[in-house]
Amino acid sequence: MLLAPRGWSRVELGFENGRLASLETKGEGTKEPKPRPQLHVDPREEAQRFNEALSELIAQLGDKWNPGKVTIERQHGFVDWKFLKPDGSVAWFSRLEKHELDSLLITDGLFDAIQGTERAFHDLQGQLQQRLGRVTGFAFDPAAGVLRLDRPNGAPHELRAEVVGSYLPDLFTWLWSWGDEKAHPASTSGVKRICAPEARGEGMAAFWRDHFHCDEGFAWALAGHVAVSLGARGLFRAQPPEAEGALFFAILELPPAATN
């Protein structure tokens, strides 16, 4: 989904020396594929992760498959994966049913959702950053839902906010705030309402899974969509002292214009 143009109905992957070397697609008849939202995922790094997963699969299959090609074809409600030997015969076949597709992180539904809010988020975020100016420190009162942002000169900003989630780079993991057992419910209720983990929306697993592995940029894109849906004015990325990870806050009110 991240490497192929949107709207594909068939993808053929070619391999050389056990690594992805080519990608060919057939689409749904449109001249230009639908644009992909900004997910901040480097395609080269994604291809590398694909190769790592492929290496694990080759080890699992043993001598059943000497990488030739892989074809992925999707119909309404399912996707077929065929692993082909160099002579074109099928070495391994797998079908992903609808419920499995709906649990994937990257889906067309996710693309549509983020694309629908990314322009609004870009505008809101630009205005928020201009108003905030330079921030030198922060503190958060979870029970009151108030974020204090310290400034080099002048009184700090005190703004209503919710914790959207935290990114843990050492674990390559995003954790939604409502999935954190230590989080105060008052500071996560709006985010949880938007993510709707109980509803488990089709193709929206990136919102209803409480945590998953991803790039920080991808987590930022998800948090931006939630911020717009929440009616927030943008996001603030906070780096706790002596911590590897980062906290993302949805700022619920616009601060006064910065004077420095």
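The values are calculated or read from the model by the stated rules, or taken from the named source; none is laboratory data. Computed from a predicted structure; not experimentally measured. Virtual Cβ from ideal backbone geometry, glycine too; neighbours counted across all protein chains shown. Side chains are part of the model used for accessible areas, which takes the heavy atoms of the whole protein and leaves out ligands, DNA and RNA. Shrake-Rupley method; radii C 1.70, N 1.55, O 1.52, S 1.80 Å.
Would you calculate a helix-derived [θ] at 222 nm for the chain, using -39,500 (n - 2.57) for each DSSP H run of n ≥ 4 and dividing by the full residue count, to the nearest 500? Calculated mean residue ellipticity at 222 nm is -9000 deg cm²/dmol. Gain on full extension, evaluated as 0.36 nm per residue between residue 69 and residue 136 minus their Cα-Cα distance, stands at 18.8 nm. So the label point goes 7 Å from the Cα of residue 25 along Cα→C-beta, right? Which residues of the range 82-122 then have their backbone N under 12 Å from it? Residues 108 qualify, since their backbone N sits under 12 Å from the label point. In the range 67-126, carbon and sulfur make up what percent of the accessible area (probe 1.4 Å)? Answer for the range 67-126: carbon and sulfur cover 56 percent of the accessible area. For the range 169-228, the solvent-accessible area works out to 47 Å² per residue, with a probe of 1.4 Å and every protein chain left in place.
Diagonalising the gyration tensor over the Cα atoms of the chain and scaling each eigenvalue by 5 before taking the square root yields semi-axes of 41, 18, 17 Å, largest first.
Exposed loop sites were defined as trypsin sites (Lys or Arg not before Pro) in DSSP loop states (anything but H, G, I, E or B) carrying at most 11 other C-beta atoms within 10 Å; in the chain the longest segment without such a site runs 32-133. Ignoring lysines fewer than eight residues from residue 34 along the same chain, the ones with Cα atoms less than 17 angstrom from its Cα are 26. Each of the GluC sites (Glu not before Pro) that DSSP puts in a loop and that has at most 16 other Cβ atoms within 10 Å breaks the chain; the longest unbroken stretch is 29-180. Charges were assigned to the Cβ only: +1 to each Lys and Arg, -1 to each Asp and Glu. The resulting dipole of the chain about its Cα centre is roughly 560 debye. Take the Cβ atoms of residue 10 and residue 47, set R0 to 22 Å, and the FRET efficiency comes out at 0.70. Here, P(r) means the percent of Cα pairs in each 5 Å bin from 0 to the largest distance; for the range 91-236 it is 2, 9, 16, 20, 20, 15, 8, 4, 2, 2, 1, 1, 0, 0. The length gained on full extension between residue 173 and residue 129, counted as 0.36 nm times the residue separation minus their Cα-Cα distance, comes to 13.3 nm.
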